[in-house]
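First the structure, in the form of structure tokens, and then the observations on it.
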Amino acid sequence: MEPAGMDYFCEQVQQKDVGRRMQVGQELLEYLGDPARSPDVEQDQQRLDKVIDELTAWVNSSNFKVRL
């Protein structure tokens, strides 16, 4: 399934399931790594800020795989 954009990631980064977080993390890296797939990143600063806030919580996670 192709991610829809920042809307998709904004919802997905809030998942608590470790397996899902790891999958979403990989999808997000691929999405951000390809500017042709991620034209909406710079256009929606508020949504990007929310995704970054959620990812900050991942860094503080007790699960080492999620932190990586």
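The values are calculated or read from the model by the stated rules, or taken from the named source; none is laboratory data. This is a predicted model, so every value here is computed, not measured. Positions of Cβ are generated from backbone atoms using ideal geometry, with glycine treated the same way; all protein chains shown enter the neighbour counts. Please note that ligands, DNA and RNA were not included when accessible areas were found on the heavy atoms of the full protein model with its side chains. Shrake-Rupley method; radii C 1.70, N 1.55, O 1.52, S 1.80 Å.
Is there any pair with a first residue in the range 52-68 that is part of a loop (DSSP other than H, G, I, E, B) and a second that is modelled with pLDDT of 75 or more whose Cβ atoms are under 7 Å apart and which are 6 or more apart or on different chains, and what are they?
ASN63/VAL18
Which residue is farthest from VAL59 (Cα to Cα), if the candidates are limited to the range 1-36 and must be in contact with a Phe, Trp or Tyr (Cβ under 8 Å, 6 or more places away or on another chain) and at pLDDT 85 or above?
TYR31
Looking at the structure I just gave you, is VAL18 open to solvent by 50 Å² or more (accessible area, probe 1.4 Å), among the aliphatic types (A, V, I, L, M), touching a residue at least 40 places away in the same chain (Cβ under 8 Å) and out of contact with any strand residue (DSSP E or B) (no Cβ under 9 Å at 6 or more places or on another chain)? Before you say what the answer is, go through the steps one by one.
Working: open to solvent by 50 Å² or more (accessible area, probe 1.4 Å): yes; among the aliphatic types (A, V, I, L, M): yes; touching a residue at least 40 places away in the same chain (Cβ under 8 Å): yes; out of contact with any strand residue (DSSP E or B) (no Cβ under 9 Å at 6 or more places or on another chain): yes.
When the stated conditions are applied, VAL18 passes them.
Restricting the first residue to the range 27-51 and requiring it to be more than 12 Å from ASP7 (Cα to Cα) and in contact (Cβ under 8 Å) with a residue 12 or more places away in the chain, which pairs with a second residue that is not hydrophobic (A, V, I, L, M, F, W, C) and not in a helix (DSSP H, G or I) meet a Cβ separation below 7 Å and a spacing of at least six or different chains?
GLU27/PRO3; TYR31/PRO3; TYR31/ARG37; TYR31/SER38
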